[in-house]
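The values are calculated or read from the model by the stated rules, or taken from the named source; none is laboratory data. This is a predicted model, so every value here is computed, not measured. Here the Cβ is made from the backbone with ideal geometry for all residues, glycine too, and neighbour counts use every protein chain on show.
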Amino acid sequence: MSKRSLFIIAALLLAAAGLYAQFNSATSARSQAQAITTLDESDASTVAQVNSLKSYVAEHMGTSVTIQLTGSYNRAQAASASSTQAAQAAQSANAQVYADAQKSCMSKADSITQAKCNAAYLQTHLSTAPTPTPVAQPKLSDYQIPLTAPFWTPDLAGALMVGALAAFVVALVVVPKRRA
């Protein structure tokens, strides 16, 4: 077997080992993302875990992952729906008070007396509590955290890929061809 063949075989073995290491890193990143999603669904804080995963992805090539904070999104949707319902209920109650004021003061003969009666009725019956402001509907994209790994990192997978590239370059450039 020639030296060139040995270097090519070494390059292929190093590349395969690098891909395997990259696959393991990606699997680890996906399992961490799944753990964060599960933690978020139980209404626990995920800040430390997200920061840890961000650091892991930045240091390992081929580990890009997107975290879905479904629990937080569902809680934000529920808060938005309940605040909207509360605002609608308050508006409905106030509208009913205006209708009752019209009915109560309908028997007044002139418009000025009727207007004063309406004002007095509204002043005594309207709720002075501020009308709740509806919370905006959450956007799903605000609850997705995309983490993108760099093209190359100096982790085990990156080192193996560099070794494979170096062995391949040596096989092609440095080792002279055997002449027959």
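Search segment 105-142 for residues being among the aliphatic types (A, V, I, L, M) and under 34 Å from the mean Cα position of the chain (by Cα), and hand back the single one that is modelled with the highest pLDDT. I'd like the intermediate steps shown before the answer.
The first filter runs over segment 105-142 and keeps only residues among the aliphatic types (A, V, I, L, M), leaving 106, 109, 112, 115, 119-120, 122, 126, 129, 135-136, 140.
Next, from what is left, pick out any that are under 34 Å from the mean Cα position of the chain (by Cα): 135-136, 140.
Working: V135: 76, A136: 83, L140: 92.
The residue in question is L140.
Do we have any residue at all in segment 86-106 that's within 30 Å of Y20 (Cβ to Cβ) and not hydroxyl-bearing (S, T, Y)? No: segment 86-106 contains no residue that is within 30 Å of Y20 (Cβ to Cβ) and not hydroxyl-bearing (S, T, Y). Among the residues making up segment 152-171, a single one is of a type in the set (F, W, Y) and either closer than 14 Å to L12 by Cβ or surrounded by 19 or more Cβ atoms within 10 Å (Cβ to Cβ) (or both): F168. Can you name every residue in segment 14-45 that is surrounded by fewer than 19 Cβ atoms within 10 Å (Cβ to Cβ) and under 16 Å from L156 (Cα atoms)? Once the filter is applied, which keeps residues that are surrounded by fewer than 19 Cβ atoms within 10 Å (Cβ to Cβ) and under 16 Å from L156 (Cα atoms), segment 14-45 yields A15, A16, A17, L19, Y20, F23, N24, T27, S28. For segment 28-40, the criterion of being acidic (D, E), within 15 Å of the chain's Cα centre (by Cα) and farther than 30 Å from G163 by Cα is met by at least one residue. Within segment 13-44, being outside any helix (DSSP H, G or I) and charged (D, E, K, R) holds for one residue alone: D43. Does segment 143-159 contain at least one residue that is over 30 Å from S52 (Cβ atoms), modelled with pLDDT of 85 or more and out of contact with any Ser or Thr (no Cβ under 9 Å at 6 or more places or on another chain)? No. Residue pairs whose Cβ atoms lie under 7 Å apart, sitting 6 or more positions apart in sequence or on different chains, and linking a residue in segment 81-105 that is closer than 15 Å to V135 by Cα to a partner that is surrounded by 14 or more Cβ atoms within 10 Å (Cβ to Cβ) and aliphatic (A, V, I, L, M), are S83/V135.
If you take the residues in segment 46-73 that are in contact with a helix residue (DSSP H, G or I) (Cβ under 8 Å, 6 or more places away or on another chain) and without any contact (Cβ under 8 Å) to a residue 60 or more places away in the chain, which one is surrounded by the most Cβ atoms within 10 Å (Cβ to Cβ)? Ranking the qualifying residues of segment 46-73, first place goes to T46.
Is segment 80-102 home to any residue that is closer than 30 Å to N51 by Cα, modelled with pLDDT of 80 or more and of a type outside the set (D, E)?
Here is the first cut: in segment 80-102, the ones closer than 30 Å to N51 by Cα are 80.
Filter again for modelled with pLDDT of 80 or more, leaving 80.
Cutting the leftovers down to of a type outside the set (D, E) gives us 80.
The answer is yes; a qualifying residue exists.
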